[in-house]
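The next block holds one structure in the form of structure tokens; read it before the comments.
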Amino acid sequence: MDFATIMQYVGWPLIKIVILLIPVFTVVAYMVWFERRLLAFFQSRLGPNRVGPLGLIQPIADGLKLFLKEDLVPLNSRPFLFKIAPIFAFFPAFVGFAIVSWALPWVTPSGKVHPFVVADVDLGILFVLAISSLSIFGIILAGWSSGSKYPLFGSLRSASQMLAYEVPLTLSVVAVVLLAGSFRLSDIVAAQQKMGWYYLFPGILAFGVYLVSAVAETNRVPFDLPEGESEIIGFHTEYSGMRFAWYFVGEYANVTLISVLGTTLFLGGYDIPFVNDATLYAAHPWLASILGVGVFAAKAALFAVFFIWIRATWPRYRYDQLLKIGWVVLLPIALANLVVVALLKLWLLR
Amino acid sequence: MSDEKPPVETPAPPAAEAAAPEAQAKPAAPKPPAPKPAAPAGPKKWEPSGEIAENGAAAALKAKFGDVVTGVKSPCKEATVLVPKARLIEILAFLKEDAACAMDYLSDLTGAHYPNNDKKFEVAYHLYSLTRKESLRVKVQLDDGEPCPTATGVWPGADWMEREAHDLLGIVFEGHPNLKVILLPEDFDGHPLRKEFPLGGAQEEMIRSNKYGKPVYLPEEIEEARKIIEERRHDS
Amino acid sequence: MTAEQQAEKVSPLREIMETREVELNLGPQHPATHGVYRALVKLDGERVLGMESIIGYLHRGIEKWAEYRNWTQATPIFDRLDYVGAVLNCHGYVGAVEKLLGVEVPKKAQYIRVVLDELQRIASHLVWLGTHGLDIGAQSVLFYAIREREAIMDLFEAMLGQRLLPNAYPIGGVRFDFPKGWVEVCRRLLDVLPQRIDEYEGLLTGNRIWRQRTIGVGVISAKDAIALSLSGPTLRGSGVNFDVRKAIPYSSYEDFDFEIPLGQNGDVFDRYLCRVREMRQSLRIIRQALDGMPEGELRGKVSKIIRPPAGEAYFTIEAAKGQLGFYIVSDGGDKPYRVHVKSPSFVNLQGIETMCKGNLIADVVAVIGSLDIVLGEVDR
């Protein structure tokens, strides 16, 4: 094997992963800060503003504190499972970022195309759905291995909740896939650009289902039952220190991923509204790509704000109500929507 | 406070002292507790002053159970009746059911310890009629250790109140479905609202009497603990 | 394969698949128990089959303690009962002693007491509203409610020198008249509060999730509620019209025009509505009391050393949690012979077993919140 092959299959992907992971970790860390600050403003207080300007160093301080905390393992837990469970919680969320297409590909003057994606998989969206379902194992293992009743309740709730909302989520994504005719995220964005408007409009029902299921999948208010601090404390009751933090890193990574995916699927991803990409390309070869990342981030931030807004406003559903909404309300809507979208595709958007 | 005296051989000095205001003409000068002023001749019984107040419910009760129900004096004109233990439940049920009384609401149930009285305990039921807007206090007197019939059959709400009285005063409520500790720890020894029980418990008595201020760990047995306290007091 | 063999093959599986009840300790350290309250809940899945309350973790022997203080010195102890409604506790004890002494409290002092009592009631309800909301997952209400409570605490500080446990009333009246400018600040608060209460209601009352979580949950019938001696909004939520302020008026409550909000179904939502409406009624009362403030003495004739006549008195007030009763016994001495507190939280907590049976574990949390217990008062 020559150097070029190794670079193509190992070197470049690794470099890309590193380049991607650093901003993703930063974004995830600052999601916590952002949520706390925004939530505080909703609640007529200030939030963390002591560490650094505007409290911007708070995530680092929190991380340091959590790193230095004692790592407690309960006596009647199953230590091995207990210790590895957090990995399952945060690892899949990060893997999902691999297939996200962040911006228009950068076309070098020599005509070489550099896509802004770590792995442009054909079945990209399926890959994300498959991988993100793995994170449930982190929660179930945590509940089971803690040897305590509260985490067990949390993980049982989580298992049924994930099951109930995975289906509508997938169906809403399928509607988009139907419209775009591809599983690849860059193709979905391209199809939206080509069509002229985003799938938010033909897929409005799918978008609604996606939003609700996304909130449920990421265990956030009003579907935060696996955590349910005031009821069953949550599946991570017995965790401490960094292992506890991994769950939150995983949760915020999930929120970020879900926002990013929602942006790609329904809001046109990195497409800059009202601007023709060709003019940008003409102005500067990088401009479209760099602006694209910015626009993408801004659109994804809308999702994040929406999640936080909900958290500040609504109470929590009860377990049975939550399952009822998943199976009785969302699933039929998603199925009906699928039929509507299929007909739409067949007659109107051909 | 001067009245946090250790319980010496005679039980219930705080009660005797509190029951005798004339022995305390000078109000509570804080002095070392050792030389106690001579106790008044014979402990004084607790007896309410004032006059017997009447109201509709009390009248109806007296009309029905005239021979056994007696009025109790009250300084602030609260209708109070004293009933015999044997017919307590019958009377309470009558008060609840009878249209002229209709005491459907048990406002409070509690007891008190009168170590100098003939009957050492009293249980007081504070009843209220939601329809007739009238209150009545029913009292029953008990000896130490004498069980009181439970009112949970009449008002289920008496459940916790009786448990509390049992816990703090040691009154046994016969027939109570679940008469176990409620406010105190399960292994607590004694009934704190009895007059002979020291304010801080045995442990505090020990610490107070230790002139060096060092903690001394007392044996579990309260009698042995008292012995040690006494010895230390004589040493000092 | 014979039937026996088959049964053998099945039975180990049955043993594995057997379902059994789970006993869950809710508390004593649990965010939704509002203190150190422990409920031993028997669960089938998440459904509550039975439950037992275990209390006493905060028992401080207040009743015993009071017997070793003289009548005046015992007053501040009772602030520690319901530490979010301290002024009301103080009123209860002081009122009982006044009743036994036969002291007449001057009209002006009575009105000042009404103003402070109702402010305290609102403050207590605000704490309840915030924590109840938080239990069901509505975070923001807590912060809004605490913001308004802060204003009331400031008023207490200006008037009584203390915020939480102000030892508000001496026996026989009140210590001070309103300080300069206090009434204006108070009136400004009265103008603001209705809008703020609208704000809370906007977040909760019409909220579908809130309604789904509370309507039909933790139901207790009027008959059961009376039989269990519940009181306060917990009783009125079931539609029983019993408010001590109207039924057994004290401290000139008969002078004021106010309504008693009643529920119908006796569920968590009705208890919630009762309390929220009660806050509005309290505002009405305060306004009337400030408008009709009479002139006169601040304290009745009370000797320095208080020696009530031998006898007993039972005085009840409508505290924020319900009927707060003080049964005091005097032997003619300068110390209480026996003080018993009928604490509404303690008695109301009895109802929890009836309310929770058959509901889900998340409802237990909602019910605890709707009972508005303060463990300092439950355990005394």
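Assorted remarks:
- Between chain C and chain B, roughly 4600 Å² of accessible surface gets buried, counting both sides and using a 1.4 Å probe.
- When chains A and C come together, the accessible area they lose, probed at 1.4 Å and totalled over both chains, is close to 2600 Å².
- Solvent-accessible area assigned to carbon and sulfur over segment C:22-379 amounts to 51 percent, based on a 1.4 Å probe.
- Peptide C:364-370 is shielded by partner chain Cβ atoms: per residue, an average of 2 of them sit within 10 Å of its Cβ.
- Take every Cα pair under 8 Å whose residues are at least 6 apart in sequence, average their separation, divide by the length of segment A:69-348, and the relative contact order is 27 percent.
- Between 0 and 90 degrees, the angle of helix A:58-68 with respect to the longest Cα principal axis of chain A falls at about 50 degrees.
- Placing a pseudo-label 7 Å from each Cα along the Cα-to-Cβ vector at A:ALA283 and C:GLU297 gives an inter-label distance of 8.6 nm.
- Segment C:276-370, dipole about Cα centre (Lys/Arg Cβ +1, Asp/Glu Cβ -1), debye to the nearest 20: 140
- Around B:TYR125: net Lys/Arg minus Asp/Glu count, Cβ-Cβ under 10 Å: +1
- Distance (nanometres) between label positions extended 7 Å along Cα→Cβ at A:LYS16 and C:SER221: 7.0
- Expressed in Å, the radius of gyration and Dmax of the Cα atoms of segment A:69-348 are 20.1, 65.
- Residues in the protein assembly as shown average 42 Å² of solvent-accessible surface per residue, probe 1.4 Å, ligands and nucleic acids excluded.
- Partner aspartates and glutamates for B:LYS73 [C-alpha distance under 16 Å; skip if fewer than 8 residues away on the same chain]: B:GLU47, B:GLU51, B:GLU54, B:GLU122, C:GLU312, C:ASP331
- Straight-distance crosslink candidates among lysines, where the alpha carbon sits under 27 Å from A:LYS299 and sequence neighbours closer than 8 are dropped: A:LYS16, A:LYS194, A:LYS345
- Within segment C:338-360, the residues that become at least 40 Å² less accessible when every protein chain is included than when their own chain is isolated (1.4 Å probe; DNA, RNA and ligands ignored) are C:ARG338, C:HIS340, C:PHE346, C:GLN350, C:LEU360.
- Rounded tilt (10° steps) of A:241-266 against the dominant C-alpha axis of chain A: 30
- Projecting the Cα atoms of C:LEU119, C:GLY56, A:LEU291 onto the charge dipole of the protein assembly as shown, computed from C-beta unit charges around the Cα centre, puts A:LEU291 farthest toward the positive end.
- Set B:LYS180/C:LYS99; B:LYS119/C:LYS342; C:LYS301/C:LYS342; A:LYS65/C:LYS42; B:LYS85/C:LYS64; B:LYS44/B:LYS77 screened for pairs whose C-alpha atoms are more than 31 Å apart: B:LYS180/C:LYS99; A:LYS65/C:LYS42
- Rounded to the nearest 20 debye, the dipole magnitude of chain C is 740 debye, with +1 charges on Lys and Arg beta carbons, -1 on Asp and Glu beta carbons, and the Cα centre as origin.
- Pairwise centroid distance, computed over Cα atoms, of segment C:28-81 with segment B:118-152, Å: 24
- Residues along segment C:88-108 losing 40 Å² or more of accessible surface when the other protein chains are present rather than the chain by itself (probe 1.4 Å): C:LYS99
- Ordering of A:116-125, A:132-141 by packing [mean C-beta count within 10 Å, highest first]: A:132-141, A:116-125
- Both radii come from the Cα set of segment C:22-379: Rg as radius of gyration, Rh as Kirkwood radius; their ratio Rg/Rh reads 0.97.
- As a length-normalised measure over Cα pairs under 8 Å and 6 or more apart, the relative contact order of segment B:59-186 settles at 20 percent.
- Measuring spread by the Cα atoms of segment C:153-241 yields a radius of gyration and Dmax of 19.2, 49 Å.
- Residue mean of other protein chain beta carbons inside 10 Å, A:236-247: 0
- Of the peptides C:367-375, C:271-279, the order by per-residue mean of other Cβ atoms within 10 Å, starting with the highest, comes out as C:367-375, C:271-279.
- Whether segment A:238-350 is rounded, prolate or oblate, judged on the alpha carbon gyration tensor where a/c under 1.5 counts as rounded: oblate
- With a 10 Å cut-off around each Cβ of C:318-331, the average count of Cβ atoms from other chains is 3.
- With semi-axes defined as the square roots of five times the eigenvalues of the C-alpha gyration tensor, the equivalent ellipsoid of the protein assembly as shown measures 65, 31, 28 Å, largest first.
- Distance from the alpha carbon centroid of segment B:55-89 to that of segment A:146-215 works out to 73 angstrom.
- Whole-Å semi-axes of segment A:79-161's equivalent ellipsoid (Cα gyration tensor): 38, 12, 8
- Rounded to 10°, Cα long-axis angle of helix A:79-96 versus longest principal axis of chain A: 20
- Compactness of segment A:104-244, expressed as Rg and Dmax over alpha-carbon positions, Å: 19.2, 63
- Ranked by the mean number of other Cβ atoms within 10 Å of their residues, highest first, the peptides C:135-142, C:64-71, A:51-58 fall in the order C:135-142, C:64-71, A:51-58.
- Size of electric dipole in the protein assembly as shown: Cβ of Lys, Arg +1 and of Asp, Glu -1, about Cα centre, debye, nearest 20: 1980
- Lys/Arg +1, Asp/Glu -1 at C-beta; segment C:94-228 dipole; positive extreme among C:ILE226, C:TRP210, C:LEU189: C:ILE226
- Per-residue [θ]222 nm for chain A (sum of -39500 (n - 2.57) over DSSP H runs n ≥ 4, rounded to 500): -21500 deg cm²/dmol
- CD proxy at 222 nm, helix term only [per DSSP H run n ≥ 4: -39500 (n - 2.57); per residue of chain C; nearest 500]: -15000 deg cm²/dmol
The values are calculated or read from the model by the stated rules, or taken from the named source; none is laboratory data. All figures in this text were calculated on a predicted structure; none of them were measured in a lab. Don't worry about glycine lacking a Cβ; one is built from the backbone with ideal geometry, like all the others, and counts go over all protein chains shown. Side chains are part of the model used for accessible areas, which takes the heavy atoms of the whole protein and leaves out ligands, DNA and RNA. Shrake-Rupley method; radii C 1.70, N 1.55, O 1.52, S 1.80 Å.
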